[in-house]
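Below is one structure, written out as C-alpha cells, with a few remarks after it.
The values are calculated or read from the model by the stated rules, or taken from the named source; none is laboratory data. The model shown is predicted, which means the values in this text are computed figures rather than measured ones. FYI the Cβ positions are ideal-geometry reconstructions off the backbone, even for glycines, and counts take in every protein chain you see.
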Amino acid sequence: MSHTFCIGLFFILFFKKVGVIMDNKKTKRRAMRLPNGYGSVKKLSGNRRNPWIVTKTNGWEINPDTGKTIQKKIIIGYYPSRQAGLQALAEYNANPYDVNAVKITFAEVYNRWSEKKYKEVSESNIKGYKAAYKLCSSLENMRMIDIKLSHLQNVVDNSGKNTPTLRKLKVLWGQMFEYAVINEIITKDKNIVEYVDIKAAGNPNKIDRSPFTDDEIQKIWNNIDFNEYMTVILMLIYSGVRVSELLELKKSDVHLDEKWFNIRHAKTQAGIRAVPIADKTFKFFEYWYNKNNCEYLLSTPDGAHFEYRNYYDSYWKPLLHELNIKHRPHDTRHTCISLLAAAKVYQTTIKKIVGHSGTQTLTERVYTHLDIQELLDAINLI
C-alpha cells in the first residue's frame, strides 16, 4: 500500500468525522496545513457558486521565457466549500483518476461505447439497446462520476416498462459502466449497476398475459368478414408463432401443398422450425399467399412488407378494440399452447410446434414427411 494512498485514506476518514473545518469566520480557526505534495484547496476571489479550487502538482517543467522551473498543476475541480474540496482531494489521493476523464458525460460514454459495440452485434440487439437508451434522458448530461444508484433506480421506477425491457436497460448500463471503468472514466467502486432493482418496478400499463377465451376466439371467427386482417389473429392462434415470425415469413418458405411453413428468423435457435398449417386456417394462408406480388406472406394494403409497429398500431389494437377484447399479441402464442395441452398433445410435440428450447439439436431439425404429419395431426386437434 503506497504512502500517498495511506495519507489519502486518513484524510477521507478524518474529514468525514470532524466535519466542517477552518473555513468558518465565526470559529476563527487556522486552516490545517496540508502535507507537501498532497495538493491544495484555495478560495478564488469574486462571487462564485463553487469558489474553492482544488489542485495538485503533477510534475515540473521549465518556463521557456524565464528558464525557471515551474510546477505543472492539474485542477481536480471546483467546490462550494473548503470541506467539500478537502474531501475531493482526499478521495483523489486515495484513488487517483484522470481529471479530464471525469468530465465525460453519460451521453459521451454511450456514444463511445456504441460506436464499437454496434459493429459486433445484430440489428435486433442494436434496436434493443437504442430503445433502452431512450429511457435515459435524465442521465444524458450528467458526468459519469456523479451518477449514483438513486439516479439509476429513479429511471427504472418511473419508466413504466415491464421486466424484459428493464432487463435490457440494466444490460445496457452494465456494459456502459464496465466500459467507463476499463477506460478509467470512473473507478470500479462507481460501477453500481448490479444494485439496481428492476423487480420492484411496476408497469402501470401491464396487461396480464392470458390465453384468449373460447368466447373471444368465437367472436373473432364471427367477424372475419369485417376486416381481412382479422384472419391474421386466427393464423397466430392456430400456429403458435410469434407476431414477428409471421410478419417476417416469406412466401418462398410457405409450402401450401404440404400444409406447413418454415420459420427461418426467430428469437432463439429453437425457434428455427417447421410449423404446421391447421385445416381451420389453411384458407387464410392461401388467401394471403395469392393476394399480391409481395415476397412476404403478409403485407400492408399497398402490398408492402409489414413492420411490427405498423401492424400493432394500425390493425391489432383497433380490431380487438372493436371487439372489446383486451390482449397483447403474445397471448396468441399462450392460447395455442393452452389449446394443444387441453387436447392432450404431448409436450415434446407442443415444443416442436411453438419452438421452445430443449426440443431438438440443429442437426435433428431436418423434418421428414412423418414429422410434418405428426405436427399436422396435433394442430388439427384444436
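The single condition from (1) modelled with pLDDT under 90; (2) in contact with a strand residue (DSSP E or B) (Cβ under 6 Å, 6 or more places away or on another chain); (3) not hydroxyl-bearing (S, T, Y) that I207 fails is (2). Note down all Cβ pairs under 7 Å where the first residue falls in the stretch 140-166 and is touching a residue at least 12 places away in the same chain (Cβ under 8 Å), the second is of a type in the set (F, W, Y), and they're at least six residues apart or on different chains. That search, which allows pairs on different chains as well, returns E140/F106; M142/F106; M144/F106; I147/F106; L149/Y195; L152/W173. Looking across the stretch 48-72, the residues that are in contact (Cβ under 8 Å) with a residue 24 or more places away in the chain and part of a loop (DSSP other than H, G, I, E, B) come down to R48, R49, N50, P51.
T231 - would you say it is over 21 Å from the mean Cα position of the chain (by Cα), part of a helix (DSSP H, G or I) and either modelled with pLDDT of 95 or more or among the hydroxyl-bearing types (S, T, Y) (or both)? Answer is yes for this residue.
Restricting attention to the stretch 289-302, and to residues there that are within 22 Å of N223 (Cβ to Cβ) and touching a residue at least 40 places away in the same chain (Cβ under 8 Å), which single residue is farthest from the chain's Cα centre (by Cα)? Here the residue is L297.
Of everything in the stretch 303-342 that is surrounded by fewer than 18 Cβ atoms within 10 Å (Cβ to Cβ) and among the acidic types (D, E), the residue that is farthest from the chain's Cα centre (by Cα) is E322. Among the conditions (1) among the hydroxyl-bearing types (S, T, Y); (2) under 29 Å from R33 (Cα atoms); (3) at pLDDT 80 or above, the only one that T66 does not satisfy is (2). Taking the stretch 273-295 as the range and being touching a helix residue (DSSP H, G or I) at 6+ places or on another chain (Cβ under 7 Å) and not in a helix (DSSP H, G or I) as the test, the residues that pass are R273, A274, V275, P276, I277, A278, E295.
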